[in-house]
Amino acid sequence: MKKKTLVLVTAAIMTATTLLAGCAGKTDNKNNASNKREQKLVLRDGALKTLDSVLATDQVSFSVLQNTQETLLVNNNDVPEKGAAESYEVSEDGLTWTFKLRDLNWSDGKPVTAKDFEFAWKRLLDPNTGAGYSFFLFPVKNAEKYYAGQANIDEVGIKATDDKTLVVTLDRAVPYFEQIVAFPGLSPQREDIVKAQGSEYGTDASQLVYCGPFVVDQWQKGAKVVLKKNDKYYNASNIKLEQVDLLQIEEIKTAYEQFKSGKLDATSATGEYLTKMTEEAKNGKYNLIEGVDPSSFYMVFNTEGKDNKALTNAKVRLALSLALDREEYTESVYKRGIPAYGLVPQELLIGDNEYRSKVKEPLKALQEKYNDPKALLVEGLKEAGLDPDPAKHTFRYLPQASDAETKKNSEYFQDQWQKKLGVKVEILPAADFSDYLTKVQSQQFDIAMSGWGADYNDPMTFLDLFGKDNGNNNGKWVNEKYEELLKKVQNETDTAKRLEIFAEMEKQVIEDAAIAPLFYKDKKSFQQPYVKGLQLPNFGGTYQLRWAYIE
């Protein structure tokens, strides 16, 4: 995802608005004479795809992983601090990072070693693994060459020099490398367990070991995930929560009812439920947590053309983008979010400035240039050598789930395209977020709802997403100019020049219509007043539990 990874746009963040969907703490009068609240949260979450940190690409998976595995550094209110690393040093040129591990153990009692990090990181880079986040480590010396088959594994700049020391050598200085190291996709892994389980690794919680503040006690697919406090965690004495239930609740209405009845401690909402809950929060029933979320939601186009040749043409894709009324959607249909006319959301910094305040959103100029999307569509169909009659063309749209709110949104998009362009639109089924991920990652769509959340505070977290070697480029868009700019910005350190290159990259993505931007996410979470310390980070997973407790 969350790259904050793929994020979900459906009922919560899973509907483009709630990944963090609910936590519950209850009073246990039977077992606690002092009537203290049980240290338990119940969150509403989406369908978990994998517990393999190397193969994870979505926000649901990363949210669980960042609470059950310990990265070298850990984000605390979006500021990296020491996690598995007790200390670390950086060379003057910024190219050599030396991490010293603290004493910490896996949940089976075996020590976590620097070799566990070396193994996991190199597995992430192995092209045979098929990891979507391999590009994350491309700044490491010879990492990209190894991924491309131009270097061997021993030449990659990731070395465990002893059980407690990991030395990482970079090809180029990266100003946000601390934030990369804190990302849950760079968790350690035990080589013996990964190799013993093979392709099944990450699919059965009971066969895994954990080194974070919680362990996965249950994974009932299609229903819930249960986390329990990890007694082997090095800082277990300061973890207050004993249990966290992550419930897969598809319908916003159901989540709302459970929240009101006290079965959920926090949730998000969209549409009529957002309006209703905002009013209830104003009346003091619970707390409304508001803020900015550096996430973008957009339509991604399958540009391969195997099933729909029309989408190989940029004008056809752009016509589909221009046909969407972003203002109407955010104000009257989804009832939240900020209309998006670019890829990079608000809040992301370049140097000391917010990127979005310095760069105009590219789609606005295109709206002025092409005021008749249907005429543009016909022009594109002719260029592609296809029948110019829009009515002869059907586009398959893939939503992220099957709940009522998602269905309403999907039908809105269907109506927009059919009325404004005269095409036919078929809405494909997606049972839940996990099913959606399977389909979108195997290109079983023409147009798909998609979203991306920042992994770190730099525009690169969005603007390297569409590289031809990026495993999260699900539309398989390839643009030579974009590739040249990507290489150029990777080796540029001057802030002004990086800004200039990023602006041109974003322009390429929007003008060539790799995507149709839709909205930038806002952060609105409703919490019961007794929930304390629950962080909703801008980077990484949706929720951070290690500091949370029930008052």
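Data for the structure
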| quantity | calculated |
| --- | --- |
| Number of the exception - THR15 against (1) touching a strand residue (DSSP E or B) at 6+ places or on another chain (Cβ under 9 Å); (2) under 26 Å from ILE550 (Cβ atoms); (3) modelled with pLDDT under 95 | (2) |
| All positions within segment 310-337 that are more than 22 Å from TYR370 (Cβ to Cβ), outside any helix (DSSP H, G or I) and out of contact with any Lys or Arg (no Cβ under 8 Å at 6 or more places or on another chain) | TYR334, LYS335 |
| Qualifying residue in segment 63-74 (condition: small (Gly, Ala, Ser) and farther than 27 Å from PRO537 by Cβ) | no |
| Top-ranked residue in segment 172-198 [being part of a helix (DSSP H, G or I), small (Gly, Ala, Ser) and more than 23 Å from the chain's Cα centre (by Cα); ranked as surrounded by the fewest Cβ atoms within 10 Å (Cβ to Cβ)] | GLY198 |
| Positions within segment 380-396 being closer than 22 Å to LEU428 by Cβ, out of contact with any strand residue (DSSP E or B) (no Cβ under 9 Å at 6 or more places or on another chain) and surrounded by fewer than 13 Cβ atoms within 10 Å (Cβ to Cβ), in sequence order | none |
| Residue satisfying condition, being at pLDDT 95 or above, part of a strand (DSSP E or B), of a type outside the set (A, V, I, L, M) and more than 28 Å from ASP494 (Cβ to Cβ), within set THR129, THR161, THR98, THR169 | THR161 |
| Pair list, Cβ < 7 Å and 6+ apart or interchain, from segment 427-451 residues that are closer than 17 Å to ASP403 by Cβ to residues that are surrounded by fewer than 16 Cβ atoms within 10 Å (Cβ to Cβ) and not aromatic (Phe, Trp, Tyr) | none |
| Selected residue [outside any helix (DSSP H, G or I) and surrounded by fewer than 21 Cβ atoms within 10 Å (Cβ to Cβ)] from ASP435, ASP415, ASP469, ASP458 | ASP469 |
| Helices (runs of 4 or more DSSP H) within segment 344-384 that include 1 or more residues out of contact with any helix residue (DSSP H, G or I) (no Cβ under 7 Å at 6 or more places or on another chain) and acidic (Asp, Glu) | 362-369 |
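Yes or no, residue by residue, for (1) out of contact with any Leu (no Cβ under 9 Å at 6 or more places or on another chain); (2) at positive phi:
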| residue | (1), (2) |
| --- | --- |
| VAL54 | no, no |
| ASN67 | no, no |
| GLY83 | no, no |
| GLY94 | no, yes |
| LYS100 | no, no |
| LEU104 | yes, no |
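The values are calculated or read from the model by the stated rules, or taken from the named source; none is laboratory data. Keep in mind the model is a prediction, meaning the values are calculated, not measured. Every residue, glycine among them, receives a Cβ derived from its backbone with ideal geometry; neighbour counts consider all protein chains shown.
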